[in-house]
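Only one structure is covered here, and it is reproduced in the block below.
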Amino acid sequence: MTGSKQMPGTKKCVQIPGKIVKIYATVKQLADNKREKVMVKKLLDTAKVSGNTKVAKTGKKGMPFGGNVRMAQLSMMPDSILCAGSKAAGCMDLCLKDAGLAAVYRSVNIARQARTDFWHADREGFLSQLRRELSNFTKLCDKQGVKGVVRLNVLSDIAWEEHNIPQDFPSLYFYDYTKRAKRLGKDKTPANYDLMFSYSARHQYRKQVLMAVCHDNPIAVVFKSKMPDTFLGRDVIDGDQSDLTNVYAGKVVIGLKAKGPAKHDTSGFVVDANVIPSFTVA
């Protein structure tokens, strides 16, 4: 056929117009370029004092493990796949991805996006690198004589137990917040992985909340102003002190103060303690 070329790897009898071959080559080149961009040197932040204030406080005296801990955290750029419950909860627009150091240094979110791209483009490669870094982190903690504490969902909601990550590192302690109530329950996660449920009063989120209150996991609630003494039939504690204290608090509500844009939220994610949701379980 005049003016046509054969696609490499296709059967000899198949002829593809030259223009399509050029388009194919361009798309392939873009895909190759993307793969180069998503490869990241480091997934985990293992600094003693993290840029996340609550995580940093975890290492203070009086905390679980005697405060003798070293933190590792994985911070990715959230999207509807990595944080599947965010749409129903109404928290995507209020996400803290642009808070803290990210508000000052553009490189913070560039790095987060690179990790997210890596996850989507090469899941096997991502998990392999994560295991290598957690193995190195375990050795570092053993050498320093401290407890390794890991939070992999700083800005995401990935079910790491489904990838056997906590199970493969029993000497490390893992914890996270989640908007997926089906992940809650002692039989759902390994002994070294604890979860806190993230609350929203939005009607679309009602099913998740009703499932969550049936479990003993702590429930985190962002309050617009003054925190009540009780909520959802549970005592409310100040959750802005330490993440590690929160996850060990038991069957309570972890009260968090609205920060930044969240102070003006009307979606239902941020709760007005004076307005009791119709589906609240007493």
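You will find that of Arg106, Arg132, Arg112, the residue that is at pLDDT 95 or above and basic (Lys, Arg) is Arg132 and no other. The C-beta contact set for the stretch 224-239 (first residue free of Cβ contacts under 8 Å to residues at least 24 places away in the same chain, second residue among the small types (Gly, Ala, Ser) and assigned to a loop (DSSP other than H, G, I, E, B), distance under 8 angstrom, 6+ apart or interchain) comprises Ile237/Ala249. Scanning the stretch 197-212 for residues that are surrounded by fewer than 22 Cβ atoms within 10 Å (Cβ to Cβ) and either among the small types (Gly, Ala, Ser) or under 21 Å from Ser242 (Cα atoms) (or both) yields no hits at all.
To keep it simple, each residue is scored yes or no on (1) at pLDDT 90 or above; (2) of a type in the set (A, V, I, L, M, F, W, C); (3) more than 30 Å from Thr46 (Cα to Cα).
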site	(1), (2), (3)
Pro170	yes, no, no
Tyr173	yes, no, no
Asp176	yes, no, no
Gly185	no, no, no
Thr189	yes, no, no
Asp194	yes, no, no
His203	no, no, yes
Arg206	no, no, yes
Asp229	yes, no, yes
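A count restricted to the stretch 134-152 and to residues that are over 22 Å from Tyr177 (Cα atoms) and either among the aromatic types (Phe, Trp, Tyr) or touching a residue at least 60 places away in the same chain (Cβ under 8 Å) (or both) stands at 5. From the set of residues in the stretch 213-231 that are surrounded by fewer than 18 Cβ atoms within 10 Å (Cβ to Cβ) and among the polar types (S, T, N, Q), which is farthest from the chain's Cα centre (by Cα)? So the residue we want is Thr230. Contact annotation: residue pairs with Cβ atoms under 9 Å, 6 or more positions apart or on different chains, pairing a residue in the stretch 191-204 that is under 17 Å from His215 (Cα atoms) with a partner that is at pLDDT 95 or above and among the polar types (S, T, N, Q), are Tyr193/Gln167. Here Asp142, Asp194 are screened, and the one residue that is within 27 Å of Gln129 (Cα to Cα) and surrounded by fewer than 19 Cβ atoms within 10 Å (Cβ to Cβ) is Asp142. Looking across the stretch 254-266, just one residue is modelled with pLDDT under 70, part of a loop (DSSP other than H, G, I, E, B) and not charged (D, E, K, R), and that is Thr266.
The values are calculated or read from the model by the stated rules, or taken from the named source; none is laboratory data. Worth saying up front: this structure is predicted, and the values here are computed from it rather than measured. Don't worry about glycine lacking a Cβ; one is built from the backbone with ideal geometry, like all the others, and counts go over all protein chains shown.
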